[in-house]
Amino acid sequence: MKPAVLKKWIPAVLAPAVIAAFAIGASIAADAQVQLEPKTPQQVLQMIVDSKVTDFSGSTSATLDLGIPRLPDLGSNGTMATPDASPGPGASASPDSTSAPPEAHLLDMLAALSGTHEAQVYVDGPDKARIQVLDGMDEQNFIRNGSSLWHYDSSSNTADHIVVPGFPKKASSKHSTMPPTPGAMADKILEAMGQNTDMSVADGPRIADRDAYTLELVPRSDDSLVAKVSIGVDAATGAPLQVVVDAVGQTNPAVSVGFTSFTPGTPAANLFEFTPPAGAKVNEHKVPPRALKDKPGHHPDAANPGKKLGHKPGNAKPGKQPGHRFDTDKPGHKKAMQRPDSIRGTGWDTVVVVPAKDVPKEVAGNAMLNQLATPVEGGKLLHTSLLNVLLTDDGRMVLGLVSLARLQAVANGK
Amino acid sequence: MSNRGLLANEVVLLYRRRRTWAMLLALGAVPVLIAVAVRLTSGPPTGRGPAFLDRVAGNGFFVAITGLLVCIPLFLPLTVAVVAGDTIAGEAGSGTLRYLLTAPVSRPRLLLVKFTVAALFCLSATVMVAACGLGIGSLLFPVGPVTLLSGTTVSAPAALLRVGLIALYVAVSLIGLAAVGLFISTLTDVPVGAMAAIAVIAVAAQILGQLPQLDWLHPWLFTHHWLGFADLLRDPIRWAEFGQNALLQGGYLLVFGALAYGRFASKDVLS
């Protein structure tokens, strides 16, 4: 080609080059190591405990990758041109799915939890909060204003309302049970976790465009499926910005919950005032006899990072259950609280044994679960990258964030 | 011929074509069909069909939104493919390109004018869908304050503004495809071939966008934000998606505009 002709193609070469340069530059800037004053894990923990950020707003993103194969979500947004073929994300509310087999529900749930979820979080003090879970073309709203709790689901246009009279008082009483000084509390956590966890502070990347320390917790255990837990802590305010759980043998984080933008400061007051829209179905709920601790409605745990990050008084008691604080995703956790006698082991190696009579029927007799499970010595194994569940031949369920070998050892009574 | 004169000429040419109006009317028929179907039946049960369809019966505004939602994956890209594919290849195919260029019009300027016309069509097409949706919606259904996804209710004028924003969002979303189309149109003298190729690319990009194995590619597909306009129906409005979409489409415009220039400026125009 003649030089004059070649010249005409210069813009065509330059344009992608410029864009590539910008993209690479942006990702380098995002990954840039932050030069912060070095701190010990104790000091970073103290920053978290000491943090006075009670008012903030931000966008959060939660990604769950448990090593379960994913299916293409064709039409899951209800956006394909054929109106009939696509049950939207609100399919669980449609009459069809109520008669569907439980396997379908399970699939729905897995699909709903895996992948990336985004939410918008607004918090104003301990008793005002709003979480908007952005689900494609739909939105779930959880609003707390004092003792009044609202849940609004845009896909079904329904609102749930519950008033918990003693709520604010309870919250403040919890505050008083906390250890007196932040320093002492940080010490307590360190002491409790130090027995089975290596802690270190790494120079992490910036999180949500803010300088952050990354506190890394590495289980001192050969059996744990958890490779590492990283907690990003805002250098300026001490607010936890991100929690990442890496699983053994998986490159992508198994759980990643964190802010993509974070703004300290009081959000607009009208965000916490909710009036159900005209035409919405409103369900008024009574406070159950045992006072409800959490909000009504179902909340996809992974999608509500704001709750996990310990800003709400209800969650701010890390000193009490060392080693469990970051385990809120794990099914074993709740059961462990209910039946302390069925727990074997401590710390990261904790294994929960559910006796045959207590195994829920949906699990024991579920055809699809049985298909997903792989036969192993002594039973069947349901494997995800963070949690192993062993359904033993005698009907017990043994689960924990540990390797199969340890589950089998526990199942055999060792 | 002055720049403005050429542009005015081309715009007049676009809207004088029977084909343009046939496409615009077909697009306008989509929301009308949706509205009539919902009016004649009792409406779909909650959670079935395209998002927002179950709200149509309650509020005419949602006819426009549902119409845009239904048109984005296929109908709008098809019409844009026809217009963008015709830009250069159409002139070359009918043998008028040579005459256009013998007038003192530089090739980059002709390219710019052709692209502007295609972009104008993107906007007219989305406005057509939105306007027909609003029209038929207000005829068949009550129109009033709109409940946003966040559960907040806004007044009718504010809702009208949101529908306008959504139409703008969709129009911007199509810019990338129009730029790709302009480039493809410079590659051939057969307009039908260019149109088909552009339509195939639009569909292929959406299929790639559905495959989880190609996660890394998704943010770079020009279709990535096509359905992201739901963020304009939240309270407060999330502008992030709008911005990212505009940036992405701008990038496509830059790259494929430059490619089209490279090809068109170095091409031997024989017909």
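The values are calculated or read from the model by the stated rules, or taken from the named source; none is laboratory data. In this text, all values refer to a predicted model and were calculated from it rather than measured experimentally. A quick note on method: Cβ atoms are made from the backbone with ideal geometry, for glycine too, and the neighbour counts reach across all protein chains shown.
Taking region A:14-59 as the range and being part of a helix (DSSP H, G or I), surrounded by 13 or more Cβ atoms within 10 Å (Cβ to Cβ) and of a type in the set (Val, Ile, Thr) as the test, the residues that pass are A:Val18, A:Ile19, A:Val44, A:Ile48, A:Val49.
Just one residue in the set B:Gly28, B:Gly43 is modelled with pLDDT of 95 or more, within 17 Å of B:Leu139 (Cβ to Cβ) and more than 10 Å from chain A (Cβ to nearest Cβ); that residue is B:Gly28. Taking the criterion of being part of a loop (DSSP other than H, G, I, E, B), surrounded by fewer than 22 Cβ atoms within 10 Å (Cβ to Cβ) and touching a residue at least 12 places away in the same chain (Cβ under 8 Å), the only residue of region B:149-180 that qualifies is B:Thr152. Of the helices (runs of 4 or more DSSP H) entirely within region A:89-203, those holding at least 2 residues that are more than 10 Å from chain B (Cβ to nearest Cβ) and modelled with pLDDT of 55 or more occupy A:102-113, A:182-194. Closer than 30 Å to B:Lys267 by Cα, of a type in the set (Lys, Arg) and surrounded by 11 or more Cβ atoms within 10 Å (Cβ to Cβ): does that describe A:Lys7? Yes; evaluated as a whole, the condition is true for this residue. Considered as a group, the residues in region B:49-106 that are more than 30 Å from B:Gly137 (Cβ to Cβ) and of a type in the set (S, T, N, Q) include one that is farthest from the chain's Cα centre (by Cα), and that residue is B:Thr102. Residue pairs whose Cβ atoms lie under 7 Å apart, separated by 6 or more positions or on different chains, with the first residue in region B:189-201 and in contact (Cβ under 8 Å) with a residue 12 or more places away in the chain and the second surrounded by fewer than 20 Cβ atoms within 10 Å (Cβ to Cβ) and of a type in the set (Ser, Thr, Tyr), are B:Asp189/B:Ser271; B:Ala194/B:Thr188. Consider B:Pro108 against the criteria (1) surrounded by fewer than 19 Cβ atoms within 10 Å (Cβ to Cβ); (2) within 13 Å of chain A (Cβ to nearest Cβ); (3) not in a helix (DSSP H, G or I): it satisfies all of them except one. Which criterion is unmet? Going through (1) surrounded by fewer than 19 Cβ atoms within 10 Å (Cβ to Cβ); (2) within 13 Å of chain A (Cβ to nearest Cβ); (3) not in a helix (DSSP H, G or I) one by one, B:Pro108 breaks only (3). May I ask you to verify whether B:Ala92 is in a helix (DSSP H, G or I), closer than 27 Å to B:Asp235 by Cα and modelled with pLDDT of 90 or more? No. In region B:248-271, the residues that are more than 8 Å from chain A (Cβ to nearest Cβ) never reach a residue that is in a loop (DSSP other than H, G, I, E, B) and polar (S, T, N, Q) with C-beta atoms less than 7 angstrom apart, at least six apart or across chains. For region A:218-240, residues that are out of contact with any Lys or Arg (no Cβ under 7 Å at 6 or more places or on another chain) and in a strand (DSSP E or B) total 11.
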